Amino acid sequence: MKLQLAIDRVSVEKAINLISQVHGRADIIEIGTSLIKEYGLYGSVQKIKRLFPDQTFLADLKTADEGEYEFRTAFKAGADIATVMGYASDETISACGSVAHEFHKEYMIDLLQVPSFRIKQLKVFQDAIFCIHLPSDEKKGNLKKLIEETSKSISGKRRIAVAGGVTSQMMGFLKAAGCEIAIVGSAITKSGDIRHAVDSFYKEISKEA
């Protein structure tokens, strides 16, 4: 299982500092939506990618429309993966997938607040990464329950990522659920020791079932 570190709601300078501490440790670094909105793709993703060219970066665009334009811009800026919302139209998601293929990159469909009937429809995008996502504003949400419920709608051979309150203690559960990517934010970025926090996640990931 891979670890994706989400960096958001900080300055680009702070993001660079955080990335320098986990470079070579985290499999994927996510440049968060708020960071992109504040600094733009070229002021965030491109600037950071040039400093860490061998690191895999995800641009959390949360695209809902203008899929071709937004994804093309993201990949030109240096993103390796970009996100499109699951409630976007099939045409938008298809455009995102086509651009990802053109650039030999990947695309992630964010299932944030997407109902089960729509998730079943999204199964046609077989090469996408599907992100089961508990909203940040949903303080009392149950991520494990959401994963169990969503898995029923997205059954089959799928690439699954999970975000929203992921802790190191959940790694065993996520592995058993067939998740490929664990997306972690504040549990690492707001810890007292960034490197130690990252290592604690990998320690749990490496444990035998």
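Bear in mind that the values in this text are calculations on the coordinates, not laboratory data. Keep in mind the model is a prediction, meaning the values are calculated, not measured. So basically every Cβ, Gly included, is an ideal-geometry build from the backbone, and we count neighbours across all protein chains shown.
So the values come out like this:
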quantity: Approximate spin-label separation Y69-Q113, in nm, with each point projected 7 Å along Cα-to-Cβ; calculated: 2.3 nm
quantity: Table column - 3J(HN,Hα) (Hz), region 90-101, Karplus curve with 6.51, -1.76, 1.60, x for Gly and Pro; calculated: 4, 5, 5, 5, 4, 5, 4, x, 5, 5, 4, 5
quantity: Calculated FRET efficiency for the pair K190/D54, C-beta based, R₀ 25 Å, to 0.05; calculated: 0.45
quantity: Among F130, L111, A177 the positive-end extreme of the charge dipole of the chain (Cβ point charges); calculated: A177
quantity: Relative contact order (percent, whole number), region 1-54, Cα cutoff 8 Å, 6+ residue spacing; calculated: 41 percent
quantity: Within the chain, helix-based [θ] at 222 nm, where runs of 4 or more DSSP H residues each add -39,500 (n - 2.57), nearest 500; calculated: -12000 deg cm²/dmol
quantity: Quotient of C-alpha Rg and 2.2 N^0.38 Å, computed over the chain; calculated: 0.96
quantity: Rounded if a/c under 1.5, otherwise prolate or oblate - region 101-209, Cα gyration tensor axes; calculated: prolate
quantity: Contour minus Cα-Cα distance for K145 and K207 (0.36 nm per residue); calculated: 20.0 nm
quantity: Net dipole in debye of the chain [+1 Lys, Arg Cβ; -1 Asp, Glu Cβ; about Cα centre; nearest 20]; calculated: 500 debye
quantity: Protection proxy ranking, peptides 149-158, 165-174, 13-22, 107-116, average beta carbon neighbours within 10 Å, highest first; calculated: 107-116, 165-174, 13-22, 149-158
quantity: Protection proxy ranking, peptides 44-56, 77-89, average beta carbon neighbours within 10 Å, highest first; calculated: 77-89, 44-56
quantity: Gain upon complete extension [D27, A177; 0.36 nm per residue less C-alpha separation]; calculated: 52.0 nm
quantity: Cα-projected label distance for K123 with N17, points at 7 Å along beta-carbon direction, nm; calculated: 4.7 nm
quantity: Cα lying deepest toward the dipole's positive end in the chain, options N17, H101, F201, charges on Cβ; calculated: F201
